[in-house]
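Notes to accompany the following structure.
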Amino acid sequence: MRLVCKVEKCSREVKYGKLMLCERHYNRLRKNGDVNKVYKINHTIEGTLCSEPDCARFASVKGKCKMHYGREWQKNNRRPEAKGLYKRRISEHRFAAEKALGKQLPRLAVIHHHEGIIPTLVICPNQAYHLLIHARMRRLG
């Protein structure tokens, strides 16, 4: 027998049995505190187009759209000593943390980014610790 998500008008299979939620609604509950809330953050600069030729997208970072900024960032910030896939893909926050430490982070390390009065990066040893930080921040408000 296939269990179905308890959210109204959702027919996806249950992934989290105790809560009777599918993966999508479980993640919404975990991130937003409500299974129906969806937060979409719009980082675009109003009315400004990407500075790349023939691009009609809105600019979001340093005068470029997300796609062109990401391409440029990846091209300019690669680890020279890394090999294979790990050399090609590294997040901006992970790169900044490694640069500050002066060494490569462990594979399971997760970077927590907090946008407050002073933007902060916290290096978490694993995803469980990262989720603990988010849970405590939610409780504090």
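Read the figures in this text as sums done on the coordinates, not as results from a lab. Model, not experiment: these values are computed from the prediction. Heads up, the Cβs are rebuilt from the backbone with ideal geometry, glycines too, and the neighbour counts pull from every protein chain shown.
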Amide H contacts under 5 Å for TYR16, placed H, 5+ residues apart: LEU21
5 angstrom amide H check on VAL110, placed H, neighbours 5+ away: CYS124, ASN126
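Please give the FRET efficiency for MET137 paired with LYS18, using the beta carbon to beta carbon distance and R0 = 25 Å, rounded to the nearest 0.05. Show your work: numbers first, answer last.
On the way: r = 24 Å, r/R0 = 0.95.
With a Förster radius of 25 Å, E is 0.60.
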Once amide H atoms are placed 1.01 Å from N in the peptide plane, what residues at a sequence separation of 5 or more from SER51, or on another chain, have their amide H within under 5 Å of its amide H? LYS64, CYS65
Assign one of three labels to the range 89-141, namely rounded, prolate or oblate, based on the Cα gyration tensor with a ≥ b ≥ c the square roots of its eigenvalues; rounded applies when a/c is under 1.5, prolate when it is not and a/b is larger than b/c, and oblate otherwise. oblate
Using a Förster distance of 22 Å, the FRET efficiency for LYS31-LEU101 (Cβ separation, nearest 0.05): 0.20
